[in-house]
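Where a number appears in this text, it was derived from the coordinates with a stated rule and is not lab data. Here the structure is a predicted model, which is why all the values come from computation and not from measurement. Neighbour counts are summed over all protein chains in view; Cβ atoms, including those assigned to glycine, are modelled from backbone coordinates with ideal geometry.
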Amino acid sequence: MLKYALLGFLNYGPMSGYDLKQLMDQSTANFWHAKLSQIYVTLKALEAEDMITSSAVTQESRPDRRVYSITAKGKADLSKWVNTPDLEIAQSKEPFLLKLFFSAQISKENLLSQLRIQRDLHQKILERNKTELAAVIAQTTEQAPHLKKDALLWEATRRSGEIIDEAIIRWLDETIEIINKEF
């Protein structure tokens, strides 16, 4: 899937690996993220498949910067991917839920502490979704009106993250209440 995230971003225009990482962190991080090392490995593979090309850009007082561009083959593959419906729901792995499933053996205080930590983490992500990501989408739309349709879909994915985190926070609050009463 990282392949398609990178092709999708490069479809907007040429970028370096670092630019791609920054853009992912500002846009898709709530549902798709990658480490810089993963990005570079995938870029190398995409270049070997002729999905992208790269060129060195000279910079003053800095090492050359490698900039990647999508090819016609890459655009065709991206188009095929976005046009193909997903017929299954991808299963996710949730380490905290696995830990919670087996946590009957720990103290009530430790369990409540872990639940509260998770709540705080989700609250921070929720606030980021509501403020930073919403602002980035609004700013991009203002600066690049030709991306209006893209921005509508960016907002839809941002809102998905917001709704999911609100639901998780409600669930954590309920679970904390149950543990307080019955554990």
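Here the label points at Ala156 and Arg62, each 7 Å from Cα along the C-beta direction, are separated by 3.5 nm in the simple model. Put simply, the amide H of Met15, placed in the peptide plane, has neighbours under 5 Å in Tyr68, leaving out anything fewer than 5 places away on its chain.
So which of Lys3/Lys93; Lys35/Lys73; Lys35/Lys93; Lys73/Lys93 end up more than 22 Å apart by C-alpha?
Numbers: Lys3/Lys93 20 Å; Lys35/Lys73 25 Å; Lys35/Lys93 18 Å; Lys73/Lys93 33 Å.
Result: Lys35/Lys73; Lys73/Lys93 exceed 22 Å.
Each eigenvalue of the Cα gyration tensor of segment 1-91, multiplied by 5 and square-rooted, gives one semi-axis; in descending order these are 24, 16, 10 Å.
Couplings for segment 95-110, taken from phi via the Karplus curve 6.51 cos²θ - 1.76 cosθ + 1.60 with θ = phi - 60°, read x, 5, 5, 4, 4, 4, 3, 9, 8, 4, 7, 9, 5, 4, 4, 5 Hz in order; Gly and Pro are left as x.
In the chain, the longest principal axis of the Cα atoms and the axis of helix 72-83 are about 30 degrees apart. Positive end of the dipole of segment 29-183 (Cβ unit charges, origin at the Cα centre): among Leu172, Tyr40, Ser54, the Cα lying farthest that way belongs to Ser54. In summary, the aspartates and glutamates within cross-link reach of Lys124, defined as a Cα separation below 12 angstrom excluding same-chain residues under 8 places away, comprise Glu132, Glu162, Asp165, Glu166. In this simple spin-label model, placing a label point 7 Å from the Cα along the Cα-to-Cβ direction at both Tyr4 and Leu98 gives a separation of 2.4 nm. Sparse packing (at most 13 other Cβ atoms within 10 Å of the Cβ) combined with a DSSP loop state is found for the following trypsin sites (Lys or Arg not before Pro) in segment 53-138: Lys93.
Amide hydrogen proximity for Ile52: with H placed 1.01 Å from N in the peptide plane, the residues at 5 or more positions away or on another chain lying under 5 Å are Glu47, Thr71. For Lys108, a cut-off of 24 angstrom between C-alpha atoms picks up these lysines, skipping any fewer than 8 places away in its own chain: Lys99, Lys181. Put a plus charge on the Cβ of each Lys and Arg, a minus charge on the Cβ of each Asp and Glu, and nothing anywhere else: the dipole of segment 1-125 about its Cα centre is then about 300 debye. Helix 148-182 and the longest principal axis of the Cα set of the chain meet at an angle near 20°.
When Rg and Dmax are taken over the Cα atoms of the chain, they come to 20.5, 65 Å.
Would you kindly state how much longer the chain becomes between Gln91 and Leu121 on full extension, computed as 0.36 nm times their sequence separation minus their alpha carbon distance, in nm to one decimal? Mind dumping the intermediate values first?
Numbers: separation 30, 0.36 × 30 = 10.80 nm, distance 2.19 nm.
Going from the current span to full extension adds 8.6 nm.
Normalising the Debye intensity of segment 92-183 to I(0), with uniform scatterers on Cα atoms only, and taking log10 at q = 0.11, 0.24 Å⁻¹ returns -0.44, -1.16.
Quick one: net charge of Lys148's neighbours, Cβ under 14 Å, K/R +1, D/E -1? The partial results should precede the final answer.
On the way: positive: Lys149; negative: Glu142, Asp150, Glu155.
Result for the neighbourhood of Lys148: -2.
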